[in-house]
Amino acid sequence: MAGPSLLSPNAAAAAATTTTSKPPSAFVFSKSNGPVTGSPRVNNSTIEARQYSMRSSATSGRRDFLKSSIILGGAAASSSSFLFPIATRPASAASDDEYTKETTEVIGKVRSTINMDKTDPNVASAVADLREASNYWVAKYRKEKALLGRASFRDLYSALNAVSGHYISFGPTAPIPAKRKARILEEMDTAEKALLRGR
């Protein structure tokens, strides 16, 4: 050190030894809990401090990168929105008129299919058509969050579940039991009434 120091003699000596000493190399531990070579003694708090320093610098590097990429990405998106206007998706993919029309068609198919005579030779094909129509209806409208709370959706979904469960379990030509059939037809009526009221 070139000039007088404001540090205490002990602190100045410690600073001098830390600047001239080499960083500790790999430690060799003996059976007595400590390093064996002539390397300086390092306690757990020093190791933890170094690890924390390395982690915080890596974390801050990632944060800086993310901040810059967000800023650049936002700038690119805002400049490109002037060139290419962003098409907004409608609130629901299906309009109310389309939902009403398709739901009415499915209700009609359910009624006609479950009211068919068991000796009718077209029962199996009618059940296959109903199954296809109901799968399409459920796949299309189950994703629509706005429709999930509607009474017409809830009642028709429940009825379709009962009908398809019956035909899957017992086959397409098995007649639906009277109690189940009455409940399904009742759900069809309530779904149709709710549909007429816009619910």
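The values are calculated or read from the model by the stated rules, or taken from the named source; none is laboratory data. Bear in mind the structure is a predicted one, so any value in this text is a computation, not a measurement. Ideal geometry is used to build each Cβ from the backbone, glycine not excepted, and the neighbour counts take in all protein chains shown.
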What do you reckon, is Tyr167 among the hydroxyl-bearing types (Ser, Thr, Tyr), surrounded by 16 or more Cβ atoms within 10 Å (Cβ to Cβ) and assigned to a helix (DSSP H, G or I)? yes
Find the residue count for segment 164-199, including only residues that are under 25 Å from Asp97 (Cβ atoms) and not basic (Lys, Arg). 10
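I'd like the full set of residues that are outside any helix (DSSP H, G or I) and surrounded by 12 or more Cβ atoms within 10 Å (Cβ to Cβ), limited to segment 106-141.
First, pick out the residues of segment 106-141 that are outside any helix (DSSP H, G or I): 115-122.
Listed by number, the list holds a single entry, Met116.
Could you list, in sequence order, all residues of segment 142-157 that are small (Gly, Ala, Ser) and surrounded by 15 or more Cβ atoms within 10 Å (Cβ to Cβ)? Step through it out loud before you land on a result.
Applying the first criterion (small (Gly, Ala, Ser)) to segment 142-157 yields 146, 149, 151-152.
Of everything in segment 142-157, just one residue is small (Gly, Ala, Ser) and surrounded by 15 or more Cβ atoms within 10 Å (Cβ to Cβ), namely Ser152.
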Can you tell me which residue within segment 92-105, out of those that are under 15 Å from Gly198 (Cα atoms) and touching a residue at least 24 places away in the same chain (Cβ under 8 Å), is surrounded by the fewest Cβ atoms within 10 Å (Cβ to Cβ)? Asp96
Can you tell me which residue in segment 114-150 is modelled with the lowest pLDDT, limited to those that are among the polar types (S, T, N, Q) and within 22 Å of Pro177 (Cα to Cα)? Thr119
Can you find even one residue in segment 171-187 that is buried (at least 17 other Cβ atoms within 10 Å of the Cβ) and either within 12 Å of Val106 (Cα to Cα) or free of Cβ contacts under 8 Å to residues at least 24 places away in the same chain (or both)? no
Looking for whichever is more than 31 Å from the chain's Cα centre (by Cα), in a helix (DSSP H, G or I), basic (Lys, Arg) and under 20 Å from Thr119 (Cα atoms) here; the options are Lys181, Lys193. Which one fits? Lys181
Just give me the residues in segment 102-150 being more than 23 Å from the chain's Cα centre (by Cα) and charged (D, E, K, R), in sequence order. Glu102, Glu105, Lys109, Arg111, Asp117, Lys118, Asp120, Asp129, Arg131, Glu132, Arg150
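Going through Lys193, Lys140, Lys145 one at a time, which residue ends up being among the basic types (Lys, Arg) and out of contact with any helix residue (DSSP H, G or I) (no Cβ under 9 Å at 6 or more places or on another chain)?
Details: Lys193 fails: out of contact with any helix residue (DSSP H, G or I) (no Cβ under 9 Å at 6 or more places or on another chain); Lys140 fails: out of contact with any helix residue (DSSP H, G or I) (no Cβ under 9 Å at 6 or more places or on another chain).
Being among the basic types (Lys, Arg) and out of contact with any helix residue (DSSP H, G or I) (no Cβ under 9 Å at 6 or more places or on another chain) holds for just one of Lys193, Lys140, Lys145, which is Lys145.
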Scan segment 83-98 and give yes if some residue there is more than 31 Å from the chain's Cα centre (by Cα) and at pLDDT below 90, otherwise no. yes
